[in-house]
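Shown next, in structure tokens, is the structure this report addresses.
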Amino acid sequence: MGRWTERNGIPPLNLINRHAKGNFGDLCEADVEANLQAIKSGLRILSKYSAGKDWVYVITESDCSSTCIMLVEEY
């Protein structure tokens, strides 16, 4: 997956599960609302989580064909 997983010992599947359950992590209220609207409208969904010293995004594409995890600075 990447060095952040080794460095922080956080299984990527844990973040994907949180994301899939609607726990979008450290997003402002407006971004959470945007995600809720995106779910209704079939748009891309974004979550942001602290992973030790790193911050990561979990992004599900609008057609739900893929979900990726990346460091915030890779976005």
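Take the conditions at pLDDT below 95, among the hydrophobic types (A, V, I, L, M, F, W, C) and part of a strand (DSSP E or B) and apply them to Ile59. Does it pass? Walk me through it before giving the result.
Details: at pLDDT below 95: no; among the hydrophobic types (A, V, I, L, M, F, W, C): yes; part of a strand (DSSP E or B): yes.
No.
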Quiz item: Considering only residues of the stretch 17-55 that are in a loop (DSSP other than H, G, I, E, B) and either in contact with a Lys or Arg (Cβ under 9 Å, 6 or more places away or on another chain) or touching a residue at least 24 places away in the same chain (Cβ under 8 Å) (or both), which is surrounded by the most Cβ atoms within 10 Å (Cβ to Cβ)?
Solution: Phe24
Quiz item: Here are some residues: Arg3, Arg7, Arg44. Which one is of a type in the set (D, E, K, R) and within 12 Å of the chain's Cα centre (by Cα)?
Solution: Arg44
Exercise. Report yes if Ile69 is β-branched (Val, Ile, Thr), at pLDDT below 95 and surrounded by 14 or more Cβ atoms within 10 Å (Cβ to Cβ), otherwise no.
Key: yes
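The values are calculated or read from the model by the stated rules, or taken from the named source; none is laboratory data. None of these values were measured; they are calculated from a predicted model. Ideal geometry is used to build each Cβ from the backbone, glycine not excepted, and the neighbour counts take in all protein chains shown.
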